[in-house]
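Below is one structure, written out as structure tokens; comments come after it.
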Amino acid sequence: MVQPAYKKRSHGVEANDAIKRAGIADNAHEKVLHKHSELIEKHTVQERSLRNHIDRLPSLSSVTRQGDADNAASSWLVEEVGISIGELGNSLKRRRWRLRARLKPNGVVARAKYPT
């Protein structure tokens, strides 16, 4: 039995449509695959960077602790120097007042009553 011509054409059209849809699906799949590959590559780079940061963290923490210790020691030294400068300033003021007290009106220094 011979099939009518319209039946043959409809199968050919359906086949062409199926081929077009398969091509479109294949292109879409390739795009998704490409984007997925890019994401995997970015993830790998980020993971490597994170591991490097994790590896450096203990040494940075050690440096920070050492810096804190140095800062505390420096603060202590600054405080000690400040006290010493204050004591020297007070000592100089006392000596200045003693000298002024010993000066005679004509500018001659009187003999000190107390040893300095």
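The values are calculated or read from the model by the stated rules, or taken from the named source; none is laboratory data. On a predicted model such as this, the values are computed, not experimentally measured, just so you know. As a convention, Cβ positions derive from the backbone with ideal geometry for all residues, glycine included, and neighbour counts pool all protein chains shown. Quick note on the areas: whole protein, heavy atoms, side chains included, nothing else; ligands and nucleic acids left out. Shrake-Rupley method; radii C 1.70, N 1.55, O 1.52, S 1.80 Å.
Summary table
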quantity: Amide N proximity, region 29-57 versus Thr64 label position 7 Å along Cα-to-Cβ, cut-off under 16 Å; calculated: 53-57
quantity: Length released on extending from Ser74 to His53, taking residue separation times 0.36 nm less the Cα-Cα span; calculated: 4.6 nm
quantity: Carbon/sulfur fraction of accessible area - region 39-93, other protein chains in place, 1.4 Å, %; calculated: 61 percent
